[in-house]
1. Filter the range 158-197 down to residues that are touching a Gly at 6+ places or on another chain (Cβ under 7 Å) and modelled with pLDDT under 90, then give me how many there are.
2. In the range 70-121, how many residues are among the β-branched types (Val, Ile, Thr), crowded, with 16+ Cβ neighbours inside 10 Å and over 15 Å from the mean Cα position of the chain (by Cα)?
3. Inside the range 103-140, can you point out the residues that are part of a loop (DSSP other than H, G, I, E, B) and within 16 Å of Arg60 (Cβ to Cβ)?
4. Does Ile23 satisfy the condition of being closer than 26 Å to Leu102 by Cα and surrounded by 20 or more Cβ atoms within 10 Å (Cβ to Cβ)?
5. Residue under question is Thr28, and the condition is that it be open to solvent by 20 Å² or more (accessible area, probe 1.4 Å), polar (S, T, N, Q) and under 26 Å from His189 (Cα atoms); does it hold?
6. Would you confirm whether or not the range 141-153 contains a residue that is part of a helix (DSSP H, G or I) and closer than 30 Å to Leu29 by Cα?
7. In the set Leu130, Leu148, which member is buried (at least 21 other Cβ atoms within 10 Å of the Cβ) and within 17 Å of the chain's Cα centre (by Cα)?
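The values are calculated or read from the model by the stated rules, or taken from the named source; none is laboratory data. All figures in this text were calculated on a predicted structure; none of them were measured in a lab. Here the Cβ positions follow ideal geometry from the backbone for every residue, glycine too, while neighbour counts run over all protein chains shown. What goes into the accessible areas is simple: the full protein's heavy atoms, side chains included, and nothing from ligands, DNA or RNA. Shrake-Rupley method; radii C 1.70, N 1.55, O 1.52, S 1.80 Å.
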Amino acid sequence: IVGTGTGFSYDDAGPTHHLFEDIAIVRTLPNIVINSVSDNVMSRRIAESSRDMKKANYVRLERHINPNIYEESTDFSKGFQVIEEGEKVCMISNGFMLWKTLDLRKKMLEFGINSCVIDLHTFPCNEEDLSSHLSKFDKIITIEENFLPGGLGSYVMEILGDRQISKKVKRLGMKQAWIYRYGGREHNHQYHGIDAENLLIETKKFLGLENEI
């Protein structure tokens with residue numbers, strides 16, 4: 001199954017074309033893999049691997065083309081990639097929001113916070129490897145253009161909870177409501193609190209830096 005137009009990709013088409021609940025719904029189905037594509041390199045590799053995949057898979061594509069972040073030789077088999085190494089704090093995202101997360105990381109460097117950034121692009125991923133990596137951090141932030149229940153953040157918390165790994169987790173995502181608003185992607189992100197300014201505010205609060213200039 002190939003779906004084009006995740007999140008607010010079709011921002012100019014209005015609320016009938018917005019998609020925030022698909023990860024939560026499809027994740028409940030047995031024997032299916034979700035691929036949330038981040039760039040063209042990944043999309044080509046998924047197209048190739050789908051030919052031989054023994055399970056069903058659902059491929060989530062952006063409407064617009066994002067810059068490439070991966071090399072042709074990248075190994076996507078774990079289902080997640082560590083884009084930036086960091087200390088104490090790990091930020092997890094995918095798709096369009098991965099780019100906002102990388103921008104947020106740059107802003108947090110100004111406050112002396114060197115955050116790890118992970119692209120969690122496949123559900124389910126190699127959960128043992130991901131949980132082992134996340135266990136190194138004090139705090140975890142998930143950022144998604146989806147409803148929070150059942151989405152990316154929920155999946156991360158399930159992985160940690162099932163392995164009795166206790167971490168402070170902050171989930172940032174969409175308000176869980178059908179909201180009939182028109183406007184561009186950034187306009188809608190501002191309304192839902194996942195624009196660059198609000199992501200920075202919420203991240204600083206979570207890290208105890210709300211009083212920093």
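1. Total meeting the criteria: 1.
2. Residues flagged as among the β-branched types (Val, Ile, Thr), crowded, with 16+ Cβ neighbours inside 10 Å and over 15 Å from the mean Cα position of the chain (by Cα) within the range 70-121 amount to 2.
3. Listed by number, the residues that qualify are His121, Pro124, Cys125.
4. yes
5. The answer is no for Thr28.
6. So far as the range 141-153 goes, yes, one or more of its residues are part of a helix (DSSP H, G or I) and closer than 30 Å to Leu29 by Cα.
7. Leu130
Let's see how each residue does on (1) closer than 15 Å to Ser115 by Cα; (2) in contact (Cβ under 8 Å) with a residue 24 or more places away in the chain; (3) part of a strand (DSSP E or B):
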{"residue": "Tyr155", "(1), (2), (3)": "no, yes, no"}
{"residue": "Ile159", "(1), (2), (3)": "no, yes, no"}
{"residue": "Gln164", "(1), (2), (3)": "no, no, no"}
{"residue": "Asn188", "(1), (2), (3)": "no, yes, no"}
{"residue": "Leu200", "(1), (2), (3)": "yes, yes, no"}
